[in-house]
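*Asks:* The structure under discussion is supplied below as structure tokens; questions concerning it will follow.
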Amino acid sequence: MQITVQLPEDIARHLCAHHPDLSRAALEGMALEGARSGELTTAQVRRLLGFGTRTEVDAFLKAHGIYLPTTLADIERDAETSRNFRRQWSL
């Protein structure tokens with residue numbers, strides 16, 4: 001889905017001066033708020049921002065002062081990813 005946002009020109013110029021890729025900045029803002037509020041899972045944030053691993057998501061969230069609890073599902077998913085990685089590279 002593509003979303004269009006209308007901004008007043010002066011605000012758009014101001015934001016673009018600080019965020020050259022304003023679309024990415026808006027996407028990251030949505031992901032941060034979604035994670036902070038619990039509306040998005042870590043897996044959803046990872047997909048939304050195109051990160052390859054949960055570790056990248058954790059680093060991104062930490063850089064923005066957001067710390068989420070690790071769930072059993074997170075640990076199980078990481079363990080499965082690790083097993084798949086080892087199988088792939090042991091061939």
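The values are calculated or read from the model by the stated rules, or taken from the named source; none is laboratory data. Fair warning: this is a prediction, and the values are worked out from it, not measured in the lab. Reconstructed Cβ throughout: ideal geometry from the backbone, glycine too, with neighbour counts over all protein chains shown. Keep in mind that these areas ignore ligands, DNA and RNA; they rest on the heavy atoms of the full protein, side chains included. Shrake-Rupley method; radii C 1.70, N 1.55, O 1.52, S 1.80 Å.
*Asks:* From the list PHE85, PHE51, pick out the single residue that is out of contact with any Leu (no Cβ under 9 Å at 6 or more places or on another chain), without any contact (Cβ under 8 Å) to a residue 40 or more places away in the chain and not in a helix (DSSP H, G or I). Give the steps one after another, and end with the answer.
*Replies:* Working: PHE85 fails: not in a helix (DSSP H, G or I).
The unique qualifying residue is PHE51.
*Asks:* Need the failing condition index for ARG77 against (1) modelled with pLDDT of 95 or more; (2) surrounded by 12 or more Cβ atoms within 10 Å (Cβ to Cβ); (3) charged (D, E, K, R), just the number.
*Replies:* Single failed check for ARG77: (1).
*Asks:* Within region 25-53, work out how many residues are over 28 Å from ASN84 (Cβ atoms) and open to solvent by 70 Å² or more (accessible area, probe 1.4 Å).
*Replies:* 4
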